[in-house]
Each structure stands twice: as structure tokens, then as C-alpha cells.
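Please treat every number below as a calculation from the coordinates, not as lab data. Quick caveat, the model's predicted, so the values are computed rather than measured. Glycine also receives a Cβ, built like all others from the backbone with ideal geometry; neighbour counts cover every protein chain displayed.
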Amino acid sequence: MLTHINKVADHVGESVRLGAWLYNKRSSGKIQFLQLRDGTGYIQGVLLKKQVSPEVWEQATNLTQESSLYVEGTIRADDRAPSGFEMDVTGIEVIQQADEYPISLKEHGVEFLMDQRHLWIRSRRQAAILRVRSEIISAIQNWLNGEGFTLVDPPVLTPSSCEGTTNLFHTKYFDEDAYLTQSGQLYMEAAAMALGRVYSFGPTFRAEKSKTRRHLIEFWMIEPEMAFVEHEESLRIQESMLAHVVRHVLDHCKSELAILERDTSKLEKVTGSFPRITYDEAVELLNREGMEFTWGEDFGAPHETKIAESFDQPVFITHYPTEIKAFYMKPDPKRPEVALCADLIAPEGYGEIIGGSQRIDDPSLMSERFDEHQLSQDDYAWYLDLRKYGTVPHSGFGLGLERTVAWICGLDHVRETIPFPRMLNRLYP
Ligand code: 4AD
Ligand code: MG
């Protein structure tokens, strides 16, 4: 039976067997220190020349970086060790002596590391990020499940667009044209009419020619959709969900956040009741701060960063001009030139992490919108049906997983938030 490194606390004073890789090694003639990792954690193995057999000593001496091995030894609590434990090694069984490993513990350029992504994810930082990503996913799903949401999986191959036609990924579907999904939302609206409160979690695709720190070609979205929920209630659901996620990561990912050197005092401030400003107020704020901005334009990254600087918590920007938003957003009945929508902007310059809105529920307005947006009535006939057969007020939103991970982990670029990023110039590995 193998023990995992994150469970050695239960085995102090006992002899255990680990399956591990060697990520670093130090020696001083009479003593060798093996830095071991097994995916669950890190531990230092200690060998004293006079206490182990010559074979074991020899095997340890020959180990190269990333060699795979089984190690036996006694677990000892040690206050000086970062994990609090060390292992006095008694036996080594080498599975494979690794070839010379391309990623040394020195600095490497990003393009090189991206080419080596299949190996790079073994590094401490990258593994910590992927673990936080996994915790964020389960925190979101646990929260939604607890609030009575049902998980529904939308298709990946779709016949039409959700978020505009400019960045669709085209493919053939036998004799028809198909597109990789940009968002599961339209299908989630259908599902909400069947199940009330639903969410999807899956990959989405945008053939965006933008090469920024925030854009991926393939990214993952969580998309809740709720029948009988209006704009205001949707915002409350978003802030409760996100505050829960941040709290969960602070409580469950302490060692990962430490590896990432994340300033957690900034995350501690994210407690819910996020500030809200209207698009109009955001435009005023920008002009007041000396960034010229005309009503009717869309915010770019520098604008979002400037707006976010005024707040400690994520901020909702609500009521964007209807013109610049998606075809399905419900216009504010009191002021139809703006929509009942909100983007949630993360603090510290991480930009938009959630986009959401109340949806149009009136069939004739929906039908007009298809024409205005040059979308075929035939392609969207099923979507119009949702407004013909028992239409109800409903709202939903999409949380971009990678931007959320980048923000919570405090990363410069979304490329490190997903195991194998797909970017403008990258499809390998
Ligand atoms: O604002 P978006 O485009 O909204 C939608 O797709 C809606 N249909 C969602 C809904 O209401 N169900 O995208 C939602 C979020 C953004 O806020 C952002 O976090 C992320 O998805 N996102 C991207 N993340 C990485 N790379 C890209 N190219 C992204 N585009 C959007
Ligand atoms: Mg958006």
C-alpha cells in the first residue's frame, strides 16, 4: 500500500512507502536530501551514508531530475521542514531513471515553457494553480447544487451563434455547417423552462484574433440560468456565489496560495454585497479620471481596470447601451436604450469575469431582434418557441473560469490557468 505525501501526518514514526518523482537533490558527501513530489505534496527524503546500504546510497546518487521511484522510509515530524515532516529513507526502488529533463529549476522563457506545457504542469507553481482551479470548480458546483440548481449539459456542436457571428469556429457537420459553441446559454434558457434553475459547465470557443492576457480561444464557462428571476435577484445570486468561492479557496487552498505568493488580504475583502455602478456612472467616472470616453462605446481592458481601481471588491457595471450588447438582453422597460444586464469586473485589473442579463421574454420583441441582428428566424425558431409556450421572466449569467482563476491566484496571464491553453498562435501540445 502506498501512502500519499499529503497524508504523512497520520504516519509519524511509521515506515511508509511512497510513489514519487525526484524534483531536486542536494548532497554533502555523507548526507543526501531528495526532494520528492507525488502530486499530492512535497517531502524531503533524508539519507545518511552510514545508515543506509551501499546499494541504496548509490541509487540515490544516480537519480536524475524527474526520475520515478518507490521510496520507503520512516516519517518524522520536523519543524524546519516546510510541510512539517521529513522522511528518513531506508529503501529505494527506481522505476525509471529519467532522461535529461528539459525544464531545469532555473528561469526559462515563456514560449519555451509553453512548448513544454505537458512537463511544465509538474512544477510547483503550475500544479498549485491547477489545484486551485479544481477547488474553484467544485466550490461553484457545490454552491449551485446546494441552491437547487440542476446541471444540464448543452451541445458543443451548434447550428447557430449565441454571441455574435464574428468569432465563430466553423466546421462541417456532414453536409451541414456547424459551429463550436460560444456559450451554452440559449440551450440553458430552454432547460430553465423545463427545470427552473439550471447551470452548465463546459468548454466554449471563440475564434478571437485578440492576443491579450485575458483571451483564450477555448475557455470554460459556468452558465446558470433561472426562470422567474429578474435582473436584481440575478446580481444577488452572482455575488453570493462568488463570495462563497473566494472563501472556499481561502479556507482550502492555503498552501497553494502561499506557493503562488498571493496577497490574500485582498481576497479577504471579497465578502458579498458587491458595489454596483451603472454604465452611465462608469462613463462619468472615466471622464472624471481623465480617460476620454464617449457614451455608446464598449469598455476595453484599460477602462475596466480604471473603474475597478475605485473598489476593493468586484464591481457590477449595469445597464449598458442595448446597442452594444447581445440580441437576447432585455431592454430596461423604463429606459429601453439600456439593457437589464451587468458585467462583473474583478479587482486588481483582472477585468470582466462574469457577463449576464435578464433575457427578452416577449415573443414579438425577440422576433424583431433576430431581424435587427440579421439572424435567421428559421435558425432560431426553437429559441422563439420558449417565448411562445409559457414565457416567463428569466435571467442568467456566464462566469469565465480562467479569468476567475487568474484573479484568485493573482496571475499575469490566463495561459497558466488552464492545463493546455489554446491561444491565437498555440495549438501544441
Ligand atoms: O460576456 P460573455 O461573452 O457572455 C456570454 O457568453 C453569455 N452568453 C453568458 C451567459 O449569460 N450565460 O462571456 C462570459 C464570460 C466573460 O465574462 C469572461 O469571463 C469569459 O466568459 N470570457 C472569456 N474568457 C477567456 N477567453 C475569452 N476569449 C473569453 N470570452 C469570454
Ligand atoms: Mg461579456
With a ≥ b ≥ c from the Cα gyration tensor eigenvalues, square-rooted, and the rule rounded for a/c under 1.5, otherwise prolate when a/b > b/c and oblate otherwise, the chain is prolate
Taking only the Cα atoms of segment 211-370, how large is their convex hull per residue, in Å³?
147
Give the cross-link partners of K306 among the lysines, using a straight C-alpha distance below 30 Å as the criterion and excluding same-chain residues fewer than 8 apart.
K209, K211, K254, K266, K269, K325, K330, K334
In order through segment 9-16: 3J(HN,Hα) via Karplus (6.51 cos²θ - 1.76 cosθ + 1.60), integer Hz, x for Gly, Pro:
4, 7, 10, 4, x, 9, 8, 10
Over its Cα atoms, what ratio of radius of gyration to 2.2 N^0.38 Å does segment 203-278 give?
1.40
Please give me, ordered by residue number, the chymotrypsin sites (Phe, Trp or Tyr not before Pro) of segment 153-220 that lie in loop per DSSP and have at most 14 other Cβ atoms within 10 Å.
F174
Quick one: compute a quarter of the convex hull surface over the Cα atoms of segment 240-288 and quote it in nm².
4.7
May I ask for the net charge around T181, where only other residues with Cβ less than 12 Å from the Cβ of T181 are counted and Lys, Arg are +1 while Asp, Glu are -1?
-3
For segment 280-374, count the residues as N, evaluate 2.2 N^0.38 Å, and divide the Cα radius of gyration by that value, please.
1.16
Report the paramagnetic label zone for K388: residues of segment 178-194 whose backbone N is under 20 Å from a point 7 Å from Cα along the Cα-to-Cβ axis.
186-194
GNM, the chain, Cα, under 10 Å: largest mean-square fluctuation among I408, I259, I353?
I259
How much FRET efficiency would the formula 1/(1 + (r/R0)^6) give for R288 and K49, where r is the Cβ-Cβ distance and R0 is 56 Å, rounded to 0.05?
0.20
Using only Cα positions of segment 10-114, each an equal point scatterer, no hydration layer, compute I(q)/I(0) via Debye at q = 0.12, 0.15, 0.16, 0.21 Å⁻¹ and quote the log10 values to two decimals.
-0.41, -0.62, -0.70, -1.13
Honestly segment 282-330 on the Cα gyration tensor test (a ≥ b ≥ c root eigenvalues; a/c under 1.5 rounded, otherwise a/b vs b/c for prolate or oblate) is just oblate
Select from S53, I92, G109 the residue farthest towards the positive end of the dipole of segment 36-139; place +1 on Cβ of Lys and Arg, -1 on Cβ of Asp and Glu, and compute about the Cα centre.
G109
Among the lysines, which fall within straight-line cross-link reach of K50, defined as a Cα-Cα distance under 16 Å, with same-chain neighbours fewer than 8 residues apart omitted?
K30
Sites excluded, trypsin sites (Lys or Arg not before Pro) in DSSP loops with at most 13 other C-beta within 10 Å, longest stretch of the chain
107-208
Suppose a student asked you for the relative contact order of the chain, using Cα pairs under 8 Å spaced at least 6 residues apart; what percent would you report?
13
Can you list residues from other chains, or at least 5 along the same chain, whose modelled amide H is less than 5 Å from the amide H of G39?
none
